[in-house]
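The values are calculated or read from the model by the stated rules, or taken from the named source; none is laboratory data. All figures in this text were calculated on a predicted structure; none of them were measured in a lab. Cβ placement follows ideal geometry from the backbone for every residue including glycine, while neighbour counts extend to all protein chains displayed.
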Amino acid sequence: MGDERSIDQALVERVQQGDKKAFDLLVLKYQLRVSKLVARFLRNPSDVPDVVQDTFIKAYRALPNFRGDSAFYTWIYRIAINTAKNHLVSMSRKSPANSIDVQDAEDYGASDWLKEYATPEREALAAEIQVNVNQAVSHLPPDLREAIMLREMEGLSYEEIASAMDCPIGTVRSRIFRAREAIDEWLEPLLDDYSHNVGNT
Amino acid sequence: MNTNNENQAAEKISAYIDDALSAEEVESLIGTNESVEQADDHFSVAARYHMVGDALRGELSDASMVDVSAQIHQALRNESFDVVESTRKTKPVGNSFNLLALLDNFFGSMARPLAGMAVAASVAVLMVVTVVQMESPEGVQQLATSPAALPVVTSDTQIANKQSVEDVANQKQQMAEFDTYLTEHAEFAAQDTLQGRIPYVRAVSYEAE
């Protein structure tokens, strides 16, 4: 397994050489973390996608100047915070009184502050997704269920899961993937309905 | 995701978001020639896997459902990019040991400080050589007789020379007064100097004799 920072740095260097696909991989990896971070600063959840998008576009444009002194995620988190603050200024609103440190922001639990501003429809969807995911997990074969729970709930690495389940790492990887696919299939009708309704409204 | 290849790609993405993909496989993910639709599929796959993870941890929020990777991909498609003109070659992804790459990195990072030190050392050597030449009688003679060292005499330089001669005379007089002062107040000199070294005042008084 590659070390996270060295893989990120290698991807950054690929982008600096003009390889846009390497940047896509960095977006895949960090967009959720950046979204959560940005969501803590913005009062309107519907602004989050725009600010996340701006963050990554700014990062892409600034990448030629990134020398790798810090980790890529630390660097992009700073860009995200600045973009969120600028967005608030441009919307003539104030940022939350309690400032959140870059390193701490990721460790916060479900955002209570955010929930105050979430729309009822999205709250209902989140609750429904939660129920469906739990149902999907309960229908998984035991080996897949164990693998995905050890990964997502306990945060174990693939090596640790392989050791706990007494199987090769490749098997762990395959089980986690199959579990995710099964849950995703279970959620598909729900997400399709939601997209359809949103499209209609 | 129907075909085997698509499944393999999705499995790699699943492992990639868990930081469990080997360097070579990351390289292969970048290297695949996929269509726009396939790329968009990969983005949504990764976003859904993230969302499933959040749901399992009970951390599902609005932010968990944000997926802007396809929009970013679209926005950057026509973006021109100033490729970094670096002496470093593109490294393969990963941390496999490569002596040449290591040396390249080391000398790449050391090049600037080394160049600075080399310039400083050259200036220092030049100054030392010049001073030594100036101080030695041959050097002075050589300097004095070398065509480059011959002054272009103008009225301004004559005034300057006259002033510098007066300055040297004044300086000599001041030094003589200072030496006399030190010689007369030498009672603590032996205590103030390091063992085995001739006190300055003794040297001065010796020269005076």
| task | Out of the residues in the range A:154-178 that are touching a Leu at 6+ places or on another chain (Cβ under 6 Å) and in contact (Cβ under 8 Å) with a residue 24 or more places away in the chain, state the one that is nearest to the other protein chains (Cβ to nearest Cβ). | result | A:R178
| remark: When the range A:80-139 is checked residue by residue, the ones that are modelled with pLDDT of 75 or more and either of a type in the set (F, W, Y) or not in a helix (DSSP H, G or I) (or both) are A:M91, A:H139
| field | Selected residue (only one of B:S44, B:S22 is surrounded by fewer than 19 Cβ atoms within 10 Å (Cβ to Cβ), facing chain A (nearest Cβ under 9 Å) and modelled with pLDDT of 80 or more) | value | B:S22
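Within the range B:48-69, track down each residue that is out of contact with any Pro (no Cβ under 6 Å at 6 or more places or on another chain) and at pLDDT below 80.
Result: B:S61, B:A63, B:S64, B:M65, B:D67, B:S69.
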| task | Considering each residue of the range B:52-77, count those that are more than 7 Å from every other protein chain (Cβ to nearest Cβ) and hydrophobic (A, V, I, L, M, F, W, C), and give that number. | result | 2
| said: Checking the conditions here, which among A:V15, A:V38, A:V34 is more than 7 Å from every other protein chain (Cβ to nearest Cβ), in contact with a His (Cβ under 9 Å, 6 or more places away or on another chain) and buried (at least 22 other Cβ atoms within 10 Å of the Cβ)? | reply: A:V38
| task | Report the residue count in the range A:31-79 for those that are in contact (Cβ under 8 Å) with a residue 60 or more places away in the chain, aliphatic (A, V, I, L, M) and not in a helix (DSSP H, G or I). | result | 1
| message | Suppose the filter is surrounded by fewer than 23 Cβ atoms within 10 Å (Cβ to Cβ), acidic (D, E), within 18 Å of B:A70 (Cα to Cα) and modelled with pLDDT of 85 or more; does A:D50 pass it? | response | yes
